1. Leaving out ligands, DNA and RNA, what percent of the accessible area of the stretch 279-327 is carbon and sulfur, probe 1.4 Å?
2. Any chance you could run the full-extension gain for ASP153 through ASP168? It's 0.36 nm times the residue separation minus the Cα-Cα distance, nm to one decimal.
3. Starting from the Cα gyration tensor of the stretch 489-554, take the square roots of the eigenvalues, sort them a ≥ b ≥ c, and report rounded, prolate or oblate (rounded when a/c is under 1.5, otherwise prolate if a/b is larger than b/c, else oblate).
4. Kindly express, to the nearest 10 degrees and within the range 0 to 90, the angle between helix 305-320's C-alpha long axis and the longest C-alpha principal axis of the chain.
5. Given the C-alpha centroids of the stretch 518-547 and the stretch 255-310, what is the distance between them in whole angstrom?
6. Could you tell me the distance between the Cα centroids of the stretch 89-117 and the stretch 381-404, to the nearest Å?
7. To test your reading of the geometry: what angle, between 0 and 90 degrees and rounded to tens, separates the Cα axis of helix 362-378 from the longest principal axis of the chain?
8. How high is the FRET efficiency between ASP398 and ARG277 when r is their beta carbon distance and R₀ equals 56 Å, given to the nearest 0.05?
Amino acid sequence: MHNPTLTHDAANDLWWRSAVIYQVYIRSFADGDGDGTGDIAGLRSRLPYLADLGVDAIWINPWYPSPLADGGYDVSDFRGIHPTYGTLDEARKLITEAHELGLRVILDIVPNHTSDQHAWFQEALAAPPGSPERDRFIFREGRGENGGEPPNDWYAAFGGPTWTRTPDGQWYLHLFAPEQPDLNWDNDEVRAEFESILRFWFDLGVDGFRIDVAHGMVKDPALPDLGLTEFSVIAGEGQDNHPHWDRDGVHDIYRSWRAIADSYPDPRVFVAEAHVRPGRMPDYLRADELHTAFNFDFLKCALEADRLREVIDRTITDLATVGAPATWVLSNHDETRHVTRYGRAHTGVTNPARDQGHPTDLALGTRRARAAALLMLALPGGAYVYQGEELGLYEVEDLPESALQDPTWERSGHTVRGRDGCRVPLPWTGDTPPFGFGTFVSATPWLPQPDDWKSYTAEANRADPTSMLHLYRSALRLRRTNSGLRSEEFRWLAGPPGTLLFERDNALRCAVNLTDRPIPLPDTWVPLLASGPLNKDGTLPPDTTVLLHLDRLTD
Ligand code: GLC
């Protein structure tokens, strides 16, 4: 069966402007060989689930060979598949099968750094200072007596200095873990290598790439001190003329990448993971650069009407200056799951590493998560769904310390637990762990699942017409059938304080009630889909979103 939605014509070539893309954290999605770790076989077996859910594409987190020092963001071979996940041949089959089901496939490219086990880094360690092998990375002499101090005062994202000393006395730079040496993007061989990696996967049929740390890569060659304190490195992302974040030089790289993507007859697309200061994102999305970028302002925004309105406005207005579509996202593999966040007193994200262990009301968080999901799917542009959010999963905040794998845990001296709580393997079926995560053998999943996930399995969700899964499926179906939702139109309408009310076209409206009181809905408008039950008197309860249609049920 070949799905006509993947045919190549002018309209389909713009699929990415409104796509809903499902994030597959492959290690935790589905385990096809029963070893406790997700893999390509598991993903292939669950493709019909994703097609039925109604998403347009999947984005697969790094699946390359890797020592997994940072969950696979430490890549030792960019052209292979981690043996635990499968083989290149299985990857090919996955791409074909996904395409047959009408799902596009986006991979994750990690250009800022490699694994310390990558052949290039091993060659660099074996080669002398000043050698071409070392020039692919960022090696420097240290400061102080005998060069015993790091070359500058930068801190790494997972804690500790960004520099590690090699046995011959030189230091190498790593903005993340020591197992993730930064590449030198002033080196032509590095640039050529990544262009070749892009072609390798595009030739295999992948439809695009998510670019990891897309605002990194280029560094000020002087490597000046920053004067920051530990754990402020990510906060330093907002700083002007930062020596390693969001430097203008990255745009040349993206121009050359875009030319490669555009050289294929059917379009290949990019989405940037770029944490940049306000106003800088449009530069990444110019017509000859990247297609889209994650909207972390939306993810981090408190669930309050005024703040959301501000973020939505700024997003749409900023991106319109370069003709780029907005995207929306509520959760990913780096952030506390939004069911948990929204059940807290403070619903915004300030610092992912620190936003842990605060009391949460999961019933409230779930109600708000439903409202936020329907809002996200009613906005113009594209959206990202992180695996398990469609099941209503919450953050697992009580993983045993012995199970924790995120490098943050070790690097923070066991003070910050890190991101494992949102990476727990998915529950599919049954009443006890591993809840069908392994399809035929029951090896213990690499992170333990909570016992109460029996009521969160895909099976349990499917059986309950009021479940999160049904809400996502219904909303995704509406996006396909309703011309208002498919359009790029968007207009705010006046509503009571604490609410959001907008129109997508003159027959479709969305209302979100973030107050603590019911609000009246506009007369003559018929509810099409709501995130929770509406009141008998027709008012919209607190923490609820509704899509309204002028007079018919579908168009
Ligand atoms: C990105 C990834 C994160 C990873 C980091 C380093 O932020 O999303 O998971 O740890 O880059 O590659």
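1. After summing per-atom areas, the C and S share lands at 47 percent.
2. Once the chain is fully extended between ASP153 and ASP168, it gains 3.3 nm.
3. Because a/c hits 1.5 or more and a/b fails to exceed b/c, the stretch 489-554 counts as oblate.
4. So the inclination is approximately 60 degrees.
5. The stretch 518-547 and the stretch 255-310 have Cα centres separated by 33 Å.
6. One Cα centre to the other: 21 Å.
7. Tilt of helix 362-378: around 90 degrees.
8. FRET efficiency, ASP398 to ARG277: 0.95.
The values are calculated or read from the model by the stated rules, or taken from the named source; none is laboratory data. Every value quoted in this text rests on a predicted model; they were computed, and no experiment measured them. Cβ coordinates were reconstructed from backbone atoms using ideal geometry, including for glycine residues, and neighbour counts include every protein chain displayed. All accessible areas refer to the heavy atoms of the entire protein, side chains included, with ligands and DNA or RNA removed. Shrake-Rupley method; radii C 1.70, N 1.55, O 1.52, S 1.80 Å.
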